[in-house]
Amino acid sequence: EHICVRRQTLEKLLQHHCQAIAVGTTSVRTLESLYYMGLKVMANPGMTEEQLHVGQWEPYEAPQQSGNPIAALLDWMDCNGLDALHASTQIIIAPGYRFHIVKYLVTNFHQPQSTLLLLVSAFTGGQWRDIYRHALDHSYRFLSYGDSSLLKML
């Protein structure tokens, strides 16, 4: 996925201690990818936008670093004269993933055996079955035009 994130978005993330409510799973993947892009520029400030790409399983292999990756990304944008970041991500969020930015998620109910359900499972600490059972028992609508839920990261 190609992403474009404006400077103002990163500044607002910093103002809110790098904590966000994401609306939709694409927003989750984008916000969480920003964290790993920031780690990259912390390790190598000479990176190009193309080199900021986040691979599918990269977050599971990334070393821990001290500092604020979002602040580092803003500094990197300053050094490169950028008002918006244009990069890409293939991040897959599955159980075992450690969330860094997204604390709440608004999303609808996804179909079984999808990567989106893996993301919901990771976000809810594996409690997705209870949530989906409640939705089924109360005739919630599923998929793109269905009902939504507000989930808190566990």
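The values are calculated or read from the model by the stated rules, or taken from the named source; none is laboratory data. A quick note: this is a predicted structure, and the numbers were derived from the prediction, not measured. Backbone-built Cβ (ideal geometry, glycine too); neighbour counts: all protein chains shown. Note: areas computed on protein heavy atoms with side chains; ligands, DNA, RNA excluded. Shrake-Rupley method; radii C 1.70, N 1.55, O 1.52, S 1.80 Å.
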So, restricting to helices (runs of 4 or more DSSP H) that lie completely within the stretch 16-134, which ones have at least 1 residues that are farther than 26 Å from Arg6 by Cα, in contact (Cβ under 8 Å) with a residue 12 or more places away in the chain and open to solvent by less than 20 Å² (accessible area, probe 1.4 Å)? 115-123
Filter pass, Glu11 being under 14 Å from Asn68 (Cα atoms), among the acidic types (Asp, Glu) and touching a Phe, Trp or Tyr at 6+ places or on another chain (Cβ under 9 Å): no
Inside the stretch 140-154, can you point out the residues that are open to solvent by 100 Å² or more (accessible area, probe 1.4 Å) and over 10 Å from Phe109 (Cβ atoms)? Tyr145, Leu150, Lys152, Leu154
Taking the stretch 97-142, which residues are hydrophobic (A, V, I, L, M, F, W, C), farther than 30 Å from Ser66 by Cβ and in contact with a Phe, Trp or Tyr (Cβ under 7 Å, 6 or more places away or on another chain)? Phe109, Leu117, Val120, Ala135, Phe142
Residues of the stretch 62-82 being at pLDDT below 95 and of a type outside the set (A, V, I, L, M), which ones? Pro63, Gln64, Gln65, Ser66, Gly67
Among the residues of the stretch 135-153, what is the count of those that are over 28 Å from Gln19 (Cα atoms), charged (D, E, K, R) and part of a loop (DSSP other than H, G, I, E, B)? 1
Between a first residue in the stretch 138-154 that is at positive phi and a second residue that is assigned to a strand (DSSP E or B), which pairs have beta carbons less than 8 Å apart while being 6 or more apart in sequence or on different chains? Leu143/Asn108
Meets criteria (farther than 30 Å from Ser121 by Cα and surrounded by fewer than 22 Cβ atoms within 10 Å (Cβ to Cβ)) for Leu10: no
